[in-house]
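The values are calculated or read from the model by the stated rules, or taken from the named source; none is laboratory data. Bear in mind that the values here come from a model prediction, so they are computed numbers and not experimental data. Methodologically, a virtual Cβ is constructed for each residue, glycine included, from the backbone with ideal geometry; neighbour enumeration extends over all protein chains shown. Accessible surface is based on the protein model in full, side chains and every heavy atom, while ligands, DNA and RNA are left aside. Shrake-Rupley method; radii C 1.70, N 1.55, O 1.52, S 1.80 Å.
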Amino acid sequence: MLITETNVPNRDNLTYFGNSNEAHAIYNFSLPPLLIFALLTGDCRHLKTWMMSMPAARHGTAYLNFIASHDGIGLRPTDGLLSPGERDRLLDTLGRFGGKISMRTGPDGAPHPYEANISLIDALAGTVDGPDEFQLARFACAHAIMLALEGIPAIYIHSMLGTRNDYEGFAQTGRYRSINRRSWSREDLEAVLDDASSLQSQAFQRLTFLLKLRRRQKAFHPNAIQFTMQLGLEIFGIWRQSIDRDQDIFCVSNITCEPRDVELENINLVSTERWADLISGEAIVEGQSTLRLEPYQTVWLANR
């Protein structure tokens, strides 16, 4: 497969598909900053607007969805998607969580923010109001959303391992990108993964569970149908349907730090089907009208 790593504004990035005769897949560079912004603010307005404007990839091509990489969180893809004030709010929050901001020289000769250098789990340590107790839940929510999206999911090794900001590495190299490029020794890594109480072990277990669950769902085929749902600003939802129309999955996430109720009539579950959350295993019972979502909880409601 030919995959383009083109960290440019969204409109320019889409051109690399050509007419299905260029790249097989393109890095979905707008996803990381918009998804992180939504989780930090509890507002998915921009994430939804962007999702609805994205064309479906033609069969045989796909978006490569990711939230973190060996580089930082790219900011150029937010051009035209976040206002300057919103981008400053994002960067201020990431800075308070230990991140650094790499700059580029613009056409005007002035420095402009290029990327935020921070580990993903630390980027999601809290909200714009500061750190809180929902770091792991927010981290899992980010991946549950990303894994449900049209396209092929890609998880950076340090996200899989829940690696924190590496300030020692930064001190040794003087490069901001070293913050998210820790070199684990096998002994140290095995020790933290064997400790069920460690943040790294819990992050690894949650992502492993989601990946094993995802791979069994036909509705998560890279080219399966996707629609963005309208559930307000605090609930993000998409509907996926398998190519053979046999399986439907409604992927609904509470992106706030407070419990939220979702009216099931707004999801339009087919009444002749039996629905259950693939993640928790809990079924929707006959006559149920609302669905309570805990802070940063995601449900994958499926008919089979």
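Ordered by packing density, taken as the mean number of other Cβ atoms within 10 Å over each peptide's residues, highest first, how do 213-222, 11-20 rank? Intermediate results must be reported in sequence, preceding the final value.
Working: 213-222: 17.2, 11-20: 14.2.
Highest-to-lowest ranking by the protection proxy: 213-222, 11-20.
Divide by every residue of the chain the summed helix terms, -39500 (n - 2.57) for each DSSP H run of at least 4, and state the resulting mean residue ellipticity at 222 nm, rounded to the nearest 500 deg cm²/dmol. Walk me through the numbers before you get to the answer.
Working: 10 runs with 92 residues, N = 304.
Theoretical 222 nm ellipticity from helices: -8500 deg cm²/dmol.
Can you list which of the trypsin sites (Lys or Arg not before Pro) found in the stretch 33-65 are DSSP loop residues with at most 15 other C-beta atoms within 10 Å? Display every interim value, and only then the final one.
Values: sites: 45, 48, 58; in loops: 58.
Hits after loop and neighbour filter: 58.
Nearest 0.05, what FRET efficiency do residue 245 and residue 24 give at R0 = 30 Å with Cβ-Cβ as r?
Numbers: r = 25 Å, r/R0 = 0.83.
Working from the Cβ atoms, E equals 0.75.
Which loop-located GluC sites (Glu not before Pro) does the stretch 237-304 contain, where loop means any DSSP state but H, G, I, E or B and the Cβ has at most 10 other Cβ atoms within 10 Å?
Values: sites: 263, 265, 273, 282, 286; in loops: 273, 282, 286.
When the GluC sites (Glu not before Pro) of the stretch 237-304 are filtered for loop state and at most 10 Cβ neighbours within 10 Å, 286 remain.
Just grab the label-to-label distance for residue 157 and residue 89, each label 7 Å out from Cα along the Cβ direction, in nm (one decimal).
Each label point is offset 7 Å from its Cα along the Cβ direction, giving 3.7 nm.
To the nearest 20 debye, what charge dipole does the stretch 1-87 have about its Cα centre, counting +1 at the Cβ of each Lys and Arg and -1 at the Cβ of each Asp and Glu?
Details: 6 positive and 7 negative charges, 44 e Å.
Using only the charged Cβ atoms, the result is roughly 220 debye.
Are there trypsin sites (Lys or Arg not before Pro) in the stretch 118-179 that DSSP marks as loop and that have at most 15 other Cβ atoms within 10 Å, and which are they? Can you show the working numbers first?
Values: sites: 138, 164, 175, 177; in loops: 164, 175.
Of the trypsin sites (Lys or Arg not before Pro), the ones in loops of the stretch 118-179 whose Cβ has at most 15 other Cβ atoms within 10 Å are 175.
Express the accessible area of the stretch 163-275 per residue in Å², computed with a 1.4 Å probe while the remaining protein chains stay in the model.
Numbers: 6600 Å² over 113 residues.
Per-residue value: 58 Å².
Rounded to whole Hz and in sequence order, give me ³J(HN,Hα) for the stretch 229-235 from the Karplus expression 6.51 cos²θ - 1.76 cosθ + 1.60, θ = phi - 60°, writing x for Gly and Pro.
8, 9, 10, x, 8, 9, 10
Cross-link candidates for residue 48: which aspartates and glutamates have Cα within less than 17 Å, leaving aside residues fewer than 8 places away along the same chain?
Partners within reach: 79, 86, 150, 234.
Please work out the FRET efficiency for the pair residue 172 and residue 198, using the Cβ-Cβ distance as r and a Förster radius of 22 Å; give the result to the nearest 0.05. Spell out each step's value before the answer.
Numbers: r = 24 Å, r/R0 = 1.09.
Calculated value: 0.40.
Expressed as a whole number of Å, what is the distance separating the alpha-carbon centroids of the stretch 204-218 and the stretch 219-283?
17
Could you work out what % of the accessible surface of the chain is carbon and sulfur, using a 1.4 angstrom probe and leaving DNA, RNA and ligands out of the count? Numbers along the way, then the final one.
Numbers: 7000 of 14340 Å².
Carbon with sulfur: 49 percent of the solvent-accessible area.
Please give, to one decimal in nm, the separation of the simple spin-label points placed at residue 270 and residue 6, each 7 Å out from Cα toward the Cβ.
Each label point lies 7 Å from its Cα, and together they span 3.8 nm.
If R0 is 25 Å, what FRET efficiency do you get for residue 53 and residue 285 from their C-beta distance, rounded to 0.05?
That gives a FRET efficiency of 0.10.
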